[in-house]
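See below for the structure under consideration.
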Amino acid sequence: MRPQNQTSVRVRYAETDQMGIVYHANYLIWMEIGRVELVRALGVNYHDLEASEGLLLSVIGASCRYVYPARYDQQVIVRTELALANARTVEFEYAIRSCEPDRLLAEGKTRHMWLNRDLRPTRLPPQYLELLQGKVAE
């Protein structure tokens, strides 16, 4: 089973459009929240990677399939899975569901590349790569 994490968010008024439906770009923000929490739960902290290793994680691809609209004040669960980890890239998959009623709202994927402080592609140090790959293999 691939590592996964669930993060709960409540739809804020500012995240909705004139129709009271969540604006489509906010799903990408929720994916980021889920991704950060999953990586933290795996024992890797983005801030520490940047400060100690000079590593940045850049989004190089994102997709989202919208299934059903989310609305103001709904409780939403973002399930995030680590799908792939190698020395250069990391991929995550997401399922965003409403709590009441339990319904799939959207699903998506993001792909990321490791960069150095000069924003050039680089490799993830072996100790972090082993940690992430070990989690994907479990």
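The values are calculated or read from the model by the stated rules, or taken from the named source; none is laboratory data. Predicted, not measured: the structure shown is a model, and the values here were computed from it. Backbone-built Cβ (ideal geometry, glycine too); neighbour counts: all protein chains shown.
Within the stretch 42-51, is there a residue that is at pLDDT below 90, of a type in the set (S, T, N, Q), surrounded by 13 or more Cβ atoms within 10 Å (Cβ to Cβ) and within 13 Å of Tyr128 (Cβ to Cβ)? Yes: one or more hits.
Within the option set Asp73, Asp118, Asp102, being free of Cβ contacts under 8 Å to residues at least 24 places away in the same chain, within 18 Å of Val11 (Cα to Cα) and over 19 Å from the mean Cα position of the chain (by Cα) holds for one residue only, Asp102. Checked against the criterion of being more than 15 Å from Met113 (Cα to Cα), more than 12 Å from the chain's Cα centre (by Cα) and part of a helix (DSSP H, G or I), the stretch 28-40 has no qualifying residue.
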